[in-house]
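Q: So that we are looking at the same thing, I have put the structure below in structure tokens.
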Amino acid sequence: YCDAQVKTKIPIEPQLLDIVETSIFDFLIQNLDRHTYEFIDQEENGAVMLMDQGKTFGLQSADIDDLEILDPLVKCCILRKKKYEHLQWLSNMEMSFSDAVLRLTSVDVATPPKTGTMKKGNHTTVLREGDLMALDRRMNIVLNALETCFGERSHDEVLADSLLY
């Protein structure tokens, strides 16, 4: 699938790696509306322009994980080594991934909490409790997908030493 469908549309490795990383981020936040990608430049270092309408958390049940969002990772089994190391670090922190996101998103000195925000412990968040818990579950799904890739291919084949990013 990856060679026949994806690499024919995105033949340049850095751009493919950008798409794979974006799919991981989109999966974590359940961004269901990223349908197209544009390329600023088709050259090797050409950037991927991500278009989005902001439809993420809260549009569906936090219990639903749309696995198709991860297709670029699952089908192509490729990821920048540095991004893999970041994912490993995030999954091995002293606090859960969701608690880290909660801490990072709870402090906005420019905008005080508004109606509709939720309180969790000492933190105010715009994310629902279910969305926060889903982050941990989805991170595990991403890491399990990578473990499946490692079972099918060598680490060197899966983890790209891209000079870009």
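Throughout, read-outs are computed from the coordinates displayed, never taken from laboratory work. Quantities reported herein were computed from a predicted structural model and do not represent experimental measurements. Positions of Cβ are backbone-derived with ideal geometry, glycine not excepted, and every protein chain shown enters the neighbour counts.
Q: Can you tell me the order of 13-22, 137-146 when each peptide is scored by its average per-residue count of other Cβ atoms within 10 angstrom, highest first? Mind showing how you got there, number by number?
A: On the way: 13-22: 20.8, 137-146: 16.8.
Sorting 13-22, 137-146 by mean packing, highest first, produces 13-22, 137-146.
Q: Quick one: 3J(HN,Hα) in Hz for region 73-81, Karplus 6.51/-1.76/1.60 with θ = phi - 60°, rounded, Gly and Pro as x.
A: 6, 5, 7, 9, 6, 9, 7, 4, 4
Q: Kindly rank 26-33, 86-93, 153-160 from highest to lowest mean number of other beta carbons found within 10 Å of each residue.
A: 26-33, 153-160, 86-93
Q: In addition: What list of ³J(HN,Hα) couplings, whole Hz, do you get for region 137-153 from phi and the Karplus terms 6.51, -1.76, 1.60, once you set θ to phi - 60° and write x for glycine and proline?
A: With the stated coefficients, region 137-153 comes to 4, 5, 4, 5, 5, 4, 5, 5, 4, 5, 4, 4, 4, 5, x, 9, 9 Hz.
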